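Asks: Have a look at the structure that comes next, please.
The values are calculated or read from the model by the stated rules, or taken from the named source; none is laboratory data. Owing to the predicted nature of the structure, the values given are computational and were not obtained by experimental measurement. Using ideal geometry, Cβ is built from the backbone for each residue, glycine included, and neighbour counts are taken over all protein chains shown.
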Amino acid sequence: MSNPLLVFWAVFSRREPRGRPPSRAYIESTNQASSTIFLVMRRMRAPLITLIVIFSVSVVGLTLIPGIGPDGQPARISLFESFYFMSYTATTIGFGELPWPFTPAQRLWVTFSIYLSVVGWAYAIGSLLTLLQDRAFRQALAMRRFTRKVARLREPFFLMAGYGRAGELLAKDFDALGEQLVVIDDSSDRIDALELGSYHSDIPGLAADAANPHHLNAAGLEHPSCAGVLALTNNDETNLAVTMTAALLRPDLPVVSRTVSAPIAERMRAFGTPAVVNPFDRFGEHLRLALNAPASYQLLTWLEAGPGAELPERGRPPTDGRWVICGYGRFGREITADLRAADLEVTIIEPAELGAPEPGVIVGDASEPTVLARADLPSAVGLVAGTDNDTTNLSMLATARRLNPQLFLVARQNQPTSAALFEAMRLDALLVPTEVVAHEVYAQLSTPMLWRFIQEMPARGDQWAADLIGRLRFNCGEELPALWKIKLDREQAPALGGWLAEGRVTLGNLIRSPEDRARRLRVVPLLLLRGGEAVLTPDGETVLAGDDELLFAGQGSERRELESTLVIDSTGAYVLFDEHIPSSWVWRKLSRKKSTPSTLEERQDTTSRQG
Amino acid sequence: MNLEKVIFGFFVLLAATLNFGFFIGDIDNPALHNIYELFAALAVSLIATVLKFGDRTQIGAVHLATSLVADLQLIAAGVVWVWASEISDQGMTATHTASMVSLSGGALLANLVSVILLVTETVTFHRG
C-alpha cells in the first residue's frame, strides 16, 4: 500500500467487533463455576471461626495472667506482646519467652493454648487442603481458567468438539496454518494429550461433555471471534447435539459434523446447513473416483492431505471385473452401492444372516479360508476387507493375497494402533475413517476456495488432473506447496485498481517476476472465482477484473513477489506493461511525463483525496 | 426458628455493640476507651465476616462488604494503639487516642449499616 493512510485504514477497519451481548446461558455457565467456589468458602466458615476464637481466647488469657517484669515488680504483658507471642507460638515458629521470662502461671496458660492453637491450625489447614483436592472444586477452577482463556481470545478460532484421532490430525493441520482452536472433549486423558501436544499456539482445552450447551458456551460458541464449529466426537448423538446447539444459538456459523449414520445425517441437516462428513460415504466416493480417474483421485488426496504432504502414488485399480466385499455393515453398504453405481459386479460375504437373501451374498465368516474360497477369489479383481475388526480384516487380506496375488486390496482400519500392520501389508487403498474426516474438514475449512476446487475437479476428467499434477510438480516440487488466495480488491491489490477496471490485466502477465519480467513466477493458479462463477486452472490469457478471487499454489517466496506486484504501483507497471515509472511522488511530478498506464496519475489523485 | 440466623444475628449485633461500647466517651481521653473492648470488637467482627462468606445473594454481598470495612477500620485502630503504646515515645497521648477512637467510629458506622441490613432483611422476609 503506497499511501500510509490506507494502511491505517486497512488495519483499523478490520476491527469491527460485532456487538453481540452475551446470552443468559453464558452468564449461567460462569455462575455454575463460581457457585462451587462459594461452596468452598462456606465450608471454610467453621475452621476459620474456630481459629479466630482460639486465638482471641489465648491472646486475652495471656495478658490477664500476672507476670514478673525485669525489675522484679509484677507486670502484665500487653495485648500486642501477647498477640505477637501467640502468633509465633501457634504457627510453631517459637522464638522463646518474650519480652521477659514467664512465671509458672503464665507457662501453664501457654501450655494450654499451644495445644489448643495447634489443633486449630491443623483443622483449618487440613480443611483447606481437603477442599483444594476436592474434585468438584478442581473442575470448577479448570472451568474458570478455560472460560477466561477463551474470553480473552481476539483472533478468529474454531470450536472443536471431540479431540480424538481426527481432532488431533486436524489440530496439527490448523496449527500449521496459524489458525486458533478451542477444544472440548469428555475424556480428561484426551485433554491431557492436547496439553502435551507440541502446538505453536496455546489451545485451550476443557474436559466436559460437549452435548451440554453450557459447556459449548464456555468454549466460546457465543464469542464474537468464533469462526466455526467442528463436531468430531465418536458419538453420533453428541455430534447431533453440538450441531443442533450451534445452529440454534449461532445460526451464522459454519458447522462441520461427523457421522457414520445416514439417519443422523438427515437429522443434522434439519438444523440449518451443516456440512456433514460421513467417512464411509466419502471413502466410497473416493474409491469410485480412484477406479474411474486415478489421476483425479491422486490430485484430490494430495490437496486434501494438507501443506507439506508428499505426492501420493497413483494407483492402477482394475476398471472391470468382479469385486468381493467382506462385511456388509454401514461401510460395506456404501462401498457396494458405489461399486454397483460404477457398473461393477459385486460378491458380498457377511457373517450374519441378512433379512432377504440377495443375489451374490455368501453367508459366513470371511476370515475362514473355506468361506473365502467360496467367493472364488482367483477370478475376482478386487477385495474390500470392511469389517469393524482389524484382526479379521488383516487375516482376510493375507488369505486373499495368497489365493490371488493380483487382487486389488482395499481395507478399513479401525484402531489407530493397527496402523503399522496395515502399512506393512502394502495395500492398494486403505480407509482410516478418522483421517478421511480430518482431510475432509481441513479441505472445507482451511480455504473455502479449496473446497470449491475439490468439488468441481472430478468433472474435468483424468487427463486434465494428470496435467495439473505435472504442472504442480514442475513448479513446486514433490511436496504439496502452501495454498493461498488473493482477492483483487482495494485492500489486497491497491496498485491494480484502474488497470483492472480497464480490462488490461491478464493472468499471464500478472504472474511474472518483479525482478525480471521475462521469468514466470513458479506458482500455479488453481481457481478463479468471479461473482460465484468458478474457473478451474485459468490460463494466461484470462483477463482479470476487480474483486476477482484467485487460489494459487506456490512457495512463500513466490507469493511475496506476487504481492509486491499487487501493492507497489511502479512494480505493477513494470511487471504488467514493461513500463518504468518513478516510484516517488517528487520524481513523478518532475518527470512530467504522462505515463503510459494512463490512469495511474488520476487514480493517485483520487485515493489521496479520499484518504 | 433457624439456628444459623440466630448465630448470624448474634454476631452482627455483638460486633456493633462492642464497637459502640469502645467508641462511646470523650474522644481524646484514653481512660474511657478500654483496649480489651477494641480487641473483642475486632475478634467478633472477624467472626461475623467469616459467617458472611459464601452467601450468593445481593444483600449477602453488601453484608460481606460492610464487615470487611469494619475489620479494616478496627485493625487500623489496633495498629494505632500498638504504635502509640509500644513504639512512640510519648505513649497514649490525646492525639493518638483521638485517631484510634475515630477509626473505630468509622467501623461503628459500617457495623450500623450491617445491623440495618439485618433488620431490613428480617422485615422484608414474611412468614419467617
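Asks: Pick from the stretch B:69-84 the residues that are in contact (Cβ under 8 Å) with a residue 40 or more places away in the chain and over 23 Å from B:Q58 (Cβ atoms): which of them is surrounded by the fewest Cβ atoms within 10 Å (Cβ to Cβ)?
Replies: Among them, the one singled out is B:G78.
Asks: Just the residues that are crowded, with 24+ Cβ neighbours inside 10 Å and not in a loop (DSSP other than H, G, I, E, B), please, taken from the stretch A:218-235.
Replies: Scanning the stretch A:218-235 gives A:A218, A:V229, A:L230, A:A231.
Asks: Looking for whichever is within 9 Å of another protein chain (Cβ to nearest Cβ) and buried (at least 17 other Cβ atoms within 10 Å of the Cβ) here; the options are A:F55, A:F85. Which one fits?
Replies: Within the list A:F55, A:F85, the selection yields A:F55.
Asks: Does any residue in the stretch A:522-543 that is in the same structural domain as A:A501 (by TED's automatic domain parsing) come within less than 7 Å, Cβ to Cβ, of a residue that is among the basic types (K, R) and at pLDDT 85 or above six or more places away or on a different chain, and which pairs are these?
Replies: The qualifying pairs are A:V524/A:R471.
Asks: Now a separate question. All but one of (1) of a type in the set (V, I, T); (2) modelled with pLDDT under 85; (3) closer than 30 Å to A:L230 by Cβ hold for A:I264, so report the exception by its number.
Replies: Of (1) of a type in the set (V, I, T); (2) modelled with pLDDT under 85; (3) closer than 30 Å to A:L230 by Cβ, only one is false for A:I264: (2).
Asks: Given (1) more than 14 Å from chain A (Cβ to nearest Cβ); (2) closer than 22 Å to B:F23 by Cβ; (3) surrounded by 16 or more Cβ atoms within 10 Å (Cβ to Cβ), where does B:E121 come up short, assuming only one miss?
Replies: Result: B:E121 fails condition (2) only.
Asks: Given B:S85, B:S99, which one is within 20 Å of B:A31 (Cα to Cα) and within 14 Å of chain A (Cβ to nearest Cβ)?
Replies: Testing whether each residue is within 20 Å of B:A31 (Cα to Cα) and within 14 Å of chain A (Cβ to nearest Cβ) leaves just B:S85.
Asks: Same structure again: So, of the residues in the stretch A:88-113 that are in a helix (DSSP H, G or I) and surrounded by fewer than 15 Cβ atoms within 10 Å (Cβ to Cβ), which turns out to be nearest to the chain's Cα centre (by Cα)?
Replies: Across the stretch A:88-113, the extreme among qualifying residues is A:Y88.
Asks: Quick check on the stretch A:161-212: of everything there that is of a type in the set (D, E, K, R) and not in a helix (DSSP H, G or I), which residue is modelled with the lowest pLDDT?
Replies: A:E179
Asks: Next question. State whether the residues of the stretch A:375-387 include one that is farther than 21 Å from A:F331 by Cα and either within 36 Å of the chain's Cα centre (by Cα) or part of a loop (DSSP other than H, G, I, E, B) (or both).
Replies: Among the residues of the stretch A:375-387, at least one is farther than 21 Å from A:F331 by Cα and either within 36 Å of the chain's Cα centre (by Cα) or part of a loop (DSSP other than H, G, I, E, B) (or both), which makes the answer yes.
Asks: If you don't mind, another one. Please work out if A:I49 is touching a Gly at 6+ places or on another chain (Cβ under 7 Å) and either within 14 Å of chain B (Cβ to nearest Cβ) or crowded, with 20+ Cβ neighbours inside 10 Å (or both).
Replies: no
Asks: Return the total of residues in the stretch B:26-57 being free of Cβ contacts under 8 Å to residues at least 60 places away in the same chain, more than 13 Å from the chain's Cα centre (by Cα) and either within 11 Å of another protein chain (Cβ to nearest Cβ) or outside any helix (DSSP H, G or I) (or both).
Replies: 12
Asks: Among the listed residues A:A466, A:A438, A:A400, which satisfies the condition of being surrounded by fewer than 18 Cβ atoms within 10 Å (Cβ to Cβ) and at pLDDT 80 or above?
Replies: Of the residues listed, the single one that is surrounded by fewer than 18 Cβ atoms within 10 Å (Cβ to Cβ) and at pLDDT 80 or above is A:A466.
Asks: Please specify each residue of the stretch A:64-80 satisfying the condition of being surrounded by fewer than 19 Cβ atoms within 10 Å (Cβ to Cβ) and at the interface with chain B (Cβ under 8 Å from one of its Cβ atoms).
Replies: A:S78 - this is the single residue of the stretch A:64-80 that is surrounded by fewer than 19 Cβ atoms within 10 Å (Cβ to Cβ) and at the interface with chain B (Cβ under 8 Å from one of its Cβ atoms).
Yes or no, residue by residue, for (1) modelled with pLDDT under 80; (2) in a loop (DSSP other than H, G, I, E, B); (3) within 39 Å of the chain's Cα centre (by Cα); (4) over 30 Å from A:E179 (Cα atoms):
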position: A:L300; (1), (2), (3), (4): no, no, yes, no
position: A:W323; (1), (2), (3), (4): no, no, yes, yes
position: A:T347; (1), (2), (3), (4): no, no, no, yes
position: A:L354; (1), (2), (3), (4): yes, yes, no, yes
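Asks: Based on this model, can you work out whether A:G546 counts as over 27 Å from A:Q463 (Cα atoms), surrounded by fewer than 20 Cβ atoms within 10 Å (Cβ to Cβ) and either hydrophobic (A, V, I, L, M, F, W, C) or under 34 Å from the mean Cα position of the chain (by Cα) (or both)?
Replies: yes
Asks: Next question. For the stretch B:3-25, enumerate the residues that are free of Cβ contacts under 8 Å to residues at least 40 places away in the same chain and hydrophobic (A, V, I, L, M, F, W, C).
Replies: B:L3, B:V6, B:F10, B:L14, B:L18, B:I24
Asks: A further question follows. Restricting attention to the stretch B:80-121, report how many residues are more than 25 Å from B:A43 (Cβ to Cβ) and either assigned to a helix (DSSP H, G or I) or touching a Pro at 6+ places or on another chain (Cβ under 8 Å) (or both).
Replies: Looking only at that region, the number is 3.
Asks: Right, another one. Please tell me if B:L68 is away from chain A (no Cβ under 13 Å) and closer than 30 Å to A:G61 by Cβ.
Replies: Considered against the rule, which asks whether it is away from chain A (no Cβ under 13 Å) and closer than 30 Å to A:G61 by Cβ, B:L68 comes out as yes.
Asks: Turning to a different aspect of this structure: Please count how many residues of the stretch A:260-312 are of a type in the set (G, A, S) and free of Cβ contacts under 8 Å to residues at least 12 places away in the same chain.
Replies: Here the count works out to 1.
Asks: A follow-up question, please. Quick one: how many residues across the stretch A:142-159 are touching a helix residue (DSSP H, G or I) at 6+ places or on another chain (Cβ under 8 Å) and under 16 Å from A:S188 (Cβ atoms)?
Replies: 2
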